[in-house]
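To start, the structure under review is shown below, and the notes come after it.
The values are calculated or read from the model by the stated rules, or taken from the named source; none is laboratory data. As the structure is a computational prediction, the values presented were derived from the model and not from experiment. Glycine also receives a Cβ, built like all others from the backbone with ideal geometry; neighbour counts cover every protein chain displayed.
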Amino acid sequence: MRKKDYEIGFGKPPEISRFKKGKSGNPKGRPKGSKDFGSDLRDVLNAKVTVSENGKSRKVSSQRATLMRLREQALKGNARAIDRMLDLAKAQSFEEGSRETERQLSATEDGILERYADCLIGQTQNGEQDRENSEVEQDDDGRS
């Protein structure tokens, strides 16, 4: 009574366990308003926490509080905290340096890039004219 003439395997489940036509495997779908990891992380880092500094309480972001704690540990001589602070400092200075380089290049090299673009445009226009001239010459010879 069973059909044994079709193949069962990866991506080919038995007919009895397949979803019926018009039915979904997830009828309710994805819950509305569910957040991804990036937005959750952003919310957590921006959340305000109370920190006491020099006997005074103030509210700062979780990100800032974490950096303050890391600085504290590094100043106490914790080698891992020192390494982490130096890595963060290097990464930040690299980002600032690359932004500065981009500004210098765009200001300095602008004229050269414009001349290069004009040269390329001129070559393209000349190339089109050369192709048109060669097509006319081929038609005159009787060959195409």
ask   = Just for the stretch 26-40: of the residues that are outside any helix (DSSP H, G or I) and of a type in the set (S, T, N, Q), which one is nearest to LEU88 (Cα to Cα)?
value = SER34
key: Conditions (1) at pLDDT 85 or above; (2) in contact with a strand residue (DSSP E or B) (Cβ under 9 Å, 6 or more places away or on another chain); number of the one not met by TYR6   = (1)
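Can you list the helices (runs of 4 or more DSSP H) lying wholly within the stretch 41-144 that have 1 or more residues being modelled with pLDDT of 60 or more and surrounded by fewer than 10 Cβ atoms within 10 Å (Cβ to Cβ)? Please lay out each step first, then the result.
Details: elements: 62-75, 79-108, 110-141.
Because the criterion is at least 1 residues that are modelled with pLDDT of 60 or more and surrounded by fewer than 10 Cβ atoms within 10 Å (Cβ to Cβ), the helices (runs of 4 or more DSSP H) in the stretch 41-144 that meet it are 79-108, 110-141.
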